[in-house]
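Below is one structure, written out as structure tokens, with a few remarks after it.
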Amino acid sequence: MPGNIGHVLVRVVDAVARSGRVVRAAGCLRARSDNAASFHSSPRATMSAPHRFVLPCLGLACLTAGAAPPEAGTPCQPRNLGFDQKEAGWAHLPLSKLKRDTAYTLVQDGNRTGVLRASADRSASLFVARVKPALGTPMTLSWDWKTDALVEGADNRQKDREDAPLRVLVAFDGDVGTLPDAEQKRFSRAKSLAGRQPPYAVLMYVWTDQVPVGTVIPSAHTSQVKMLAVASGPSGLGAWQTVQRNVAEDYRRAYGAEPGPVVGVAVMTDTDNTGTQAVGQYAGLRMTCPGQ
């Protein structure tokens with residue numbers, strides 16, 4: 001179904017809920033945070049066009065502080081966000097009852113432990129962690145990831161082919177009142193549905209095809225989601241690759257402005273638009289700070 005990027009802007013939110021099963025509460029979905037569990041695909045109905053932006057703006061809301069003004073953010077603090085670290089608070093977050101879920105499983109790959117394996121079969125969902133308190137930048141985000149194949153037929157520039165075997169997302173706080181009127185109306189609709197304000201902006205690092213490394217790809221649904229190609233094409237397939245990014249510099253490049261505090265991170269492997277299959281693996285996610 002077209003519109004993953006829109007969905008991301010909304011649904012990363014609830015990832016941070018700390019209850020057991022997925023339930024409705026105060027407009028937010030509360031997601032299970034059992035790292036050892038395996039989250040399997042479930043069949044979903046086809047989503048109709050009118051839902052493609054509304055549902056997107058629901059998800060990331062629980063990462064923020066409701067109606068409170070944007071957080072100033074505490075100074076950068078190193079964080080180990082390993083998937084086997086219980087204190088990191090990772091949780092599975094479905095995008096919609098109308099979509100199949102990607103299966104996320106904690107595994108061991110050779111001698112490497114704490115690996116999150118994502119298996120997508122015509123599916124899309126998130127695995128997310130809240131950053132609390134929100135952290136100011138500058139900071140460096142690093143991780144390892146691996147996939148054996150690209151998503152056949154995918155093109156992240158086209159909403160009806162917008163899939164990827166590997167994505168790492170960063171959600172930021174900010175002042176929605178500075179956005180154009182059209183964007184403010186979208187945020188207002190999302191807030192009314194979720195009961196909380198969605199994150200101000202999302203920066204999404206992707207392994208893509210069709211475009212060179214370093215390309216910034218805007219969302220077709222909102223100006224507040226940008227993709228950045230950090231890997232492209234078949235080079236490196238089948239082997240672990242290490243990625244290290246200066247989050248503040250990347251935000252400035254994508255948005256042309258200074259970033260607000262980081263309120264959450266997520267990973268996603270998705271194939272719902274192309275109707276194909278993909279497997280991605282993630283490990284070693286961590287935040288580091290200059291001089292620390």
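Brief remarks on what is shown
- Boolean, ASP109 is within 13 Å of VAL279 (Cα to Cα) and surrounded by fewer than 20 Cβ atoms within 10 Å (Cβ to Cβ): no
- Tally, over the stretch 112-133, of residues that are more than 16 Å from TRP145 (Cα to Cα) and open to solvent by 10 Å² or more (accessible area, probe 1.4 Å): 5
- Residues located in the stretch 122-139, provided they are closer than 30 Å to GLY275 by Cβ and under 13 Å from the mean Cα position of the chain (by Cα): ALA124, SER125, LEU126, PHE127, VAL128, ALA129
- The strands (runs of 3 or more DSSP E) found entirely in the stretch 203-292 that carry 1 or more residues being among the basic types (Lys, Arg) and touching a helix residue (DSSP H, G or I) at 6+ places or on another chain (Cβ under 7 Å) are 225-232.
- Residue check, VAL230 farther than 30 Å from GLN184 by Cβ, open to solvent by 40 Å² or more (accessible area, probe 1.4 Å) and at pLDDT 95 or above: no
- Checking each residue in the stretch 177-196 for being in contact (Cβ under 8 Å) with a residue 60 or more places away in the chain and either in a strand (DSSP E or B) or over 19 Å from ALA220 (Cα atoms) (or both) picks out LYS191, LEU193, ALA194, GLY195, ARG196.
- Tally, over the stretch 247-261, of residues that are over 18 Å from VAL206 (Cβ atoms) and either touching a residue at least 24 places away in the same chain (Cβ under 8 Å) or not aliphatic (A, V, I, L, M) (or both): 7
- ALA149 more than 30 Å from GLY291 (Cα to Cα), in contact (Cβ under 8 Å) with a residue 40 or more places away in the chain and surrounded by fewer than 17 Cβ atoms within 10 Å (Cβ to Cβ): yes
- Residue in the stretch 184-204 that is under 16 Å from ALA154 (Cβ atoms) and surrounded by 20 or more Cβ atoms within 10 Å (Cβ to Cβ) present: yes
- Taking the criterion of being at pLDDT 95 or above, part of a strand (DSSP E or B) and under 19 Å from VAL265 (Cα atoms), the residues of the stretch 93-118 that qualify are ALA103, TYR104, THR105, LEU106, GLY114, VAL115, LEU116, ARG117, ALA118.
- Scope the stretch 137-146; condition surrounded by fewer than 20 Cβ atoms within 10 Å (Cβ to Cβ) and under 19 Å from GLU258 (Cα atoms); matching residues: PRO138, THR140
- Pair list, Cβ under 9 Å, 6 or more apart: the stretch 154-169 residue surrounded by fewer than 23 Cβ atoms within 10 Å (Cβ to Cβ), other residue aliphatic (A, V, I, L, M) and in a helix (DSSP H, G or I): LYS159/ILE5
- When the stretch 238-292 is limited to residues that are under 17 Å from the mean Cα position of the chain (by Cα) and among the basic types (Lys, Arg), the one that is surrounded by the fewest Cβ atoms within 10 Å (Cβ to Cβ) turns out to be ARG286.
- The stretch 205-221, residues that are within 24 Å of ARG130 (Cα to Cα), hydroxyl-bearing (Ser, Thr, Tyr) and open to solvent by less than 10 Å² (accessible area, probe 1.4 Å): TYR205
The values are calculated or read from the model by the stated rules, or taken from the named source; none is laboratory data. What you see is a predicted model, and the numbers here were worked out from it, not measured in a lab. Cβ: placed from backbone, ideal geometry, glycine included. Neighbour counts: every protein chain shown. For the accessible areas, the whole protein counts, side chains as well, though only heavy atoms, and no ligand, DNA or RNA atoms are used. Shrake-Rupley method; radii C 1.70, N 1.55, O 1.52, S 1.80 Å.
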